[in-house]
Amino acid sequence: QALLLLHGNRGSIAGMKHQIEAFASKFKVIAVDCRGRGDSTLGDQPLTYELMARDAAALLDHLGIESAHVVGRSDGGIVALLMGIHSPEKVKKIVAFGANI
């Protein structure tokens, strides 16, 4: 099963190295830098949580993954919750921690 891991604001997915390692024993981990963070570009659209949630759903589509468990910390938790609202078919379960939505 796939697990999409989303990091928090001002960080990168590298900060979740230990979670990636732990989850990789049971899941196909999709670990990516969110828009404008780490190795990801910002693009020319205004940065919003909704845009990042669309990015995450589009990434799953691009990878041919129908749905995934989504784990998000801080801003990543907000993105996970918005995925559940706007793209529920893409989300099996959500674990959001430190999300302030």
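Bear in mind these aren't lab numbers, they're just calculated from the coordinates by the rules spelled out. Because the structure is a prediction, the values reported are computed rather than measured. Note that each Cβ is placed from the backbone with ideal geometry, even for glycine, and that neighbours are counted across all protein chains shown.
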Exercise for the section: Go through the chain and tell me which helices (runs of 4 or more DSSP H), entirely inside it, have 2 or more residues that are crowded, with 17+ Cβ neighbours inside 10 Å and touching a helix residue (DSSP H, G or I) at 6+ places or on another chain (Cβ under 7 Å). Expected result: 49-62, 75-86
Handout entry: Search result, residues across the range 49-94 that are touching a residue at least 60 places away in the same chain (Cβ under 8 Å) and not aliphatic (A, V, I, L, M)
Key = Ser67, His69, Gly72, Arg73, Ser74, Asp75, Gly76, Gly77, Lys92
Practice task
Go through the range 26-48 and count every residue that is under 13 Å from Leu59 (Cβ atoms) and in contact (Cβ under 8 Å) with a residue 40 or more places away in the chain.
Solution key: 1
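From the list Leu63, Leu42, pick out the single residue that is over 19 Å from Ile101 (Cβ atoms) and touching a Gly at 6+ places or on another chain (Cβ under 8 Å).
Checking each option against the conditions leaves just Leu42.
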